[in-house]
1. Residue check: is residue 167 free of Cβ contacts under 8 Å to residues at least 40 places away in the same chain and closer than 30 Å to residue 271 by Cβ?
2. Give the number of residues within the stretch 55-89 that are part of a helix (DSSP H, G or I), over 29 Å from residue 168 (Cβ atoms) and free of Cβ contacts under 8 Å to residues at least 12 places away in the same chain.
3. State which residue is modelled with the highest pLDDT when the search covers only the stretch 253-262 and only residues that are part of a loop (DSSP other than H, G, I, E, B) and surrounded by fewer than 18 Cβ atoms within 10 Å (Cβ to Cβ).
4. In the stretch 182-204, what residues are touching a helix residue (DSSP H, G or I) at 6+ places or on another chain (Cβ under 6 Å) and without any contact (Cβ under 8 Å) to a residue 40 or more places away in the chain?
5. It is to be established whether one or more residues within the stretch 164-171 are closer than 28 Å to residue 50 by Cβ and either in contact with a strand residue (DSSP E or B) (Cβ under 8 Å, 6 or more places away or on another chain) or outside any loop (DSSP other than H, G, I, E, B) (or both).
6. Sort through 300, 359, 331, 335 and tell me the only one that's in contact (Cβ under 8 Å) with a residue 60 or more places away in the chain, under 22 Å from the mean Cα position of the chain (by Cα) and closer than 24 Å to residue 55 by Cβ.
7. Only residues that are at negative phi, free of Cβ contacts under 8 Å to residues at least 40 places away in the same chain, part of a loop (DSSP other than H, G, I, E, B) and surrounded by fewer than 16 Cβ atoms within 10 Å (Cβ to Cβ): list them for the stretch 125-163, please.
């Protein structure tokens, strides 16, 4: 993703504080890389779960649930880390920069992807219709994964409004109030997503990279590489065992991907979300070289984000409709490969044409 859209908000080629030429933070780029790979895996799992191959597949449903407990909190925390410094250098440039890096990609790729979904008809898991009506409704109604860009835009606007007046602590308190309101009051999905995720974003703004470094990255290697992942595994496992207690209306064994995501975003997963995102940051700091492959992927999250569903769905349709593969595990591996490598190859091929800005990369 590009500036404002990436977790952390630094522009491609910018450094730790968002300035071009500044030294990059290796662990932060690596955490972004791990985060976008989790997004691809989650959507690949979801595509299989909702397809004719998805009957049963309890391990896939559990893996999907586990990823969804923490991967979006991770993205929103990372998205807030650099926001305070960037707003401090000027609220107007910060907001105007969102037009090219968040607003344009949101409208462009929402329209493109939904157009492809409509064109493919019954070949996709969830066929679309009324393309023009859907596109005209994008200012208040999101499609597919692009809700993230919609929510992130409004979180940035809230930060610009709140931070100069009430500081980072005020933004966290507002996030707590928003979380409570979203639980109590029935709301339309876009607004609910803003309120639910404001707290995670505010925590990132409050922490800053230095705060997260002290909290996780500066801890002993054993803590980052073993203790935090073990705690994450234990809390996510315990949450999985408790799913039947807090979500009996949506049994995991028969739920679709959207229903499982709903389960994974309920309040009882809070501990799993916290330890899951801390574990990713800890592991990222272990492998956090700025020149490493995960860090390089982390600097190219936008092309992966906007294109990966097209590659995943396209690969799944070709492989299953032609009968080339029927084993779900092998299919999953190929879909994840397509979802990561495909967008990266497109970005690399288009780089000499200097079209990144026009394509929202």
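The values are calculated or read from the model by the stated rules, or taken from the named source; none is laboratory data. Since the structure is predicted, the reported quantities are computational estimates derived from the model, not experimental observations. Methodologically, a virtual Cβ is constructed for each residue, glycine included, from the backbone with ideal geometry; neighbour enumeration extends over all protein chains shown.
1. So residue 167 passes the test.
2. Selection size over the stretch 55-89: 1.
3. Filtering the stretch 253-262 for residues part of a loop (DSSP other than H, G, I, E, B) gives 253-256.
With the extra rule that they be surrounded by fewer than 18 Cβ atoms within 10 Å (Cβ to Cβ), the set shrinks to 253-254, 256.
Values: 253: 74, 254: 79, 256: 85.
The selected residue is 256.
4. 182, 192, 195, 199
5. Step one: list which residues in the stretch 164-171 are closer than 28 Å to residue 50 by Cβ, which gives none.
No, there is no match, as no residue in the stretch 164-171 is closer than 28 Å to residue 50 by Cβ and either in contact with a strand residue (DSSP E or B) (Cβ under 8 Å, 6 or more places away or on another chain) or outside any loop (DSSP other than H, G, I, E, B) (or both).
6. Result of the check over 300, 359, 331, 335: 335.
7. 127, 129, 137, 139 - these are the residues of the stretch 125-163 that are at negative phi, free of Cβ contacts under 8 Å to residues at least 40 places away in the same chain, part of a loop (DSSP other than H, G, I, E, B) and surrounded by fewer than 16 Cβ atoms within 10 Å (Cβ to Cβ).
A quick yes/no check of all residues on (1) touching a residue at least 24 places away in the same chain (Cβ under 8 Å); (2) in a loop (DSSP other than H, G, I, E, B); (3) under 23 Å from residue 171 (Cβ atoms):
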residue	(1), (2), (3)
206	yes, no, yes
214	no, no, yes
240	yes, no, no
282	yes, no, no
